[in-house]
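The structure under discussion appears below in the form of structure tokens.
The values are calculated or read from the model by the stated rules, or taken from the named source; none is laboratory data. Worth saying up front: this structure is predicted, and the values here are computed from it rather than measured. Ideal geometry is used to build each Cβ from the backbone, glycine not excepted, and the neighbour counts take in all protein chains shown.
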Amino acid sequence: MAELATMGDPARVAGRTRVGIRAGASYGVSLPDIRAMARRLGRDQALARALWVTGNHDARLLAPMVADPRETTEEDAELWALDFASWDVVDTCAINLLRKTPFAWALVERWSAREEEYIRRAAFALAATLTVHDRGTDDAPFRRVLMLAESAATDDRSFVKKAVSWALRDIGGRRPGLRGEAIALAERLRDSPSRAARWVGNDALKEFQKSRR
């Protein structure tokens, strides 16, 4: 923590606020510096847990980068999820840790039904991340994500609907066998009476149209 404190910049904390990051207690360490520190430290589950419980924003960005996915338990994931309060921490957990765990798909299913904004975001951020990295898996769990996305698309909270669109766009763009289903879902959402669903549908369709060019 002392080293993180020396790397901080208070101006960066203010900058994070401007992009919707609720930093709370934070030194304002840059993400490249946090990544470099994680590479130097290596995987250390005990350190990851200790960093997380500090409540410091920078420490919680570092924690999933040093956590060992082989030693991370579902209990760890659920405890950390209760503290999710910022989209960048959520996404860092999904990208750097949770996608590598054997229970990643179970979290997508379970968290998509949660009411908390950042836990529901985590479900779809994790689904989007799995779309990129879990290439050996067949289409079945990704098709299930499309069903979950259709249910969650009416959630008007900004960080949820952006993650739903992210997952929908990645599935349509990276899973050829599901592209047609993803486009059809986006079109249904575009025509929905729900304002949030229309936003998700239009956002995804813009991406699909770009990829046709």
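List of remarks:
- Of the criteria (1) in a helix (DSSP H, G or I); (2) more than 17 Å from Asp91 (Cβ to Cβ); (3) under 20 Å from the mean Cα position of the chain (by Cα); (4) assigned by TED's automatic domain parsing to the domain that holds Leu4, which one Leu79 fails: (4)
- Counted residues, the stretch 180-195 - those being over 19 Å from Ala128 (Cα atoms) and either outside the structural domain of Ser158 (by TED's automatic domain parsing) or in a helix (DSSP H, G or I) (or both): 4
- Of the criteria (1) assigned by TED's automatic domain parsing to the domain that holds Ala153; (2) assigned to a helix (DSSP H, G or I); (3) in contact with a helix residue (DSSP H, G or I) (Cβ under 7 Å, 6 or more places away or on another chain), which one Leu62 fails: (1)
- Unmet requirement for Gly201, which otherwise passes all of (1) closer than 20 Å to Ala94 by Cβ; (2) in a helix (DSSP H, G or I); (3) among the small types (Gly, Ala, Ser): (1)
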